[in-house]
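Down below is the structure, laid out as structure tokens.
No value in this document is a laboratory result; all are computed from the given coordinates. Predicted, not measured: the structure shown is a model, and the values here were computed from it. As a convention, Cβ positions derive from the backbone with ideal geometry for all residues, glycine included, and neighbour counts pool all protein chains shown.
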Amino acid sequence: MKKLLSFALAALMVLVCVFSFTSCGKKGKTLDEVKKAGELIAATSPDFPPFENLEGEEVVGIEVEILKKVCEKLGVTLTLKQMDFDSVLPGVTAGKFDCGMSGITVTESRQKNMLFTDPYFVAAQAIVVKAGSAIQSKADLSGKKVSVQTGTTAEEYCSENGYTVSAFAANSDAQTALLNGNVDAWVIDNLVGIAMVETYNQGKADDEKLVILSEAMTSEPYAFAFAFGSETLVAEINKIQKAMIEDGTIAAIFAQFGEDYAAPASK
Ligand code: ARG
């Protein structure tokens, strides 16, 4: 009887292991699996210049160039899947895509659900207002209405800090909300805000322009996201990325898009 009981217990334990491994464990591809597949499938929200945006049908930008170079070194091709930003991270953690490429900020809460490469750049949130706005600083923004993109760190930060938040799946709609006067400010990652505002302001009279406030909020270390299970892949990409930072490849890519580059302080 005792023997039977311990056998049943052992069988149950095996079942629990198998179940937890397949259901909640490792969704990410290993380095070998990606090499064998011959491609790296990356999820991206191409509404984030200069990191990723559409030129006609084509996704272009700093992160596209970085990841293309990384894939070259891995000996695989880069395949991009386009979607709204709020689908990128859930898709990666579910193992639908191998990688997330979307100016993704590494945060402690995201790290509980996925892996990140080492950050290759540190951005910040910026406040965008209409010319002539009474809001001239972060302090002036207190209690005001802001627009953000859904699922971003801007949404998280603004919701947690007492602002009235309107969230939009597309960045351009967050910008339109400000232009229409539905919100007092638009909160967005700084380089992207600068790029989008520059494009918008072209040919506009001074009083019709958008303005970026120089006082930035938060610190946003950018990295590429992977599902748990991709540890070997992430380790290899970290090596490649480190070499690309050290030999000036990443700085050259930033320069190609008219941006200065500063590497993040090494850990
Ligand atoms: N850095 C911010 C975040 O990780 C915003 C990213 C938005 N990316 C995009 N491609 N629209 O939440």
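With both labels modelled 7 Å from their Cα along Cα-to-Cβ, the K68 to A37 distance reads 2.1 nm. Taking the charge dipole of the chain about its Cα centre, with +1 at Lys and Arg Cβ atoms and -1 at Asp and Glu Cβ atoms, the residue from A170, A123, P90 reaching farthest to the positive side is P90. Kirkwood-type hydrodynamic radius, region 123-219: 13.0 Å, calculated from all non-identical alpha-carbon pairs. For K81 and S142, the difference between the fully extended length at 0.36 nm per residue and the C-alpha to C-alpha distance is 18.2 nm. Among the listed pairs K138/K242; K81/K209; K26/K96, those whose Cα-Cα separation exceeds 24 Å are K138/K242; K81/K209. Of the residues Q111, Q175, Q149, the one that moves most in a GNM of the chain with alpha-carbon contacts below 10 Å is Q111.
The calculated FRET efficiency for E58 paired with S172, based on their beta-carbon distance and R0 = 22 Å, is about 0.80. Report the paramagnetic label zone for T30: residues of region 217-249 whose backbone N is under 17 Å from a point 7 Å from Cα along the Cα-to-Cβ axis. Those under the cut-off are 227-237.
Two tests apply to each whole DSSP H helix in the chain, Cα reach of 30 Å or more along its axis and mean Kyte-Doolittle hydropathy of at least -0.5, and the ones passing both are 2-23.
FRET efficiency for N113 and E215, Cβ-Cβ distance as r, R0 = 25 Å, nearest 0.05? Approximately 0.20, to the nearest 0.05. In the chain, what % of DSSP beta bridges are antiparallel (nearest 5)? The answer is about 60 percent antiparallel. Ordered by the number of other Cβ atoms lying within 10 Å of each residue's own Cβ, fewest first, T105, T199 fall into the sequence T199, T105.
Count Lys and Arg as plus one, Asp and Glu as minus one, and take only other residues whose Cβ is under 12 Å from that of A126; the net charge is then -2. For the chain, the Kirkwood estimate of hydrodynamic radius, built from reciprocal distances between every pair of different alpha carbons, is 20.1 Å.
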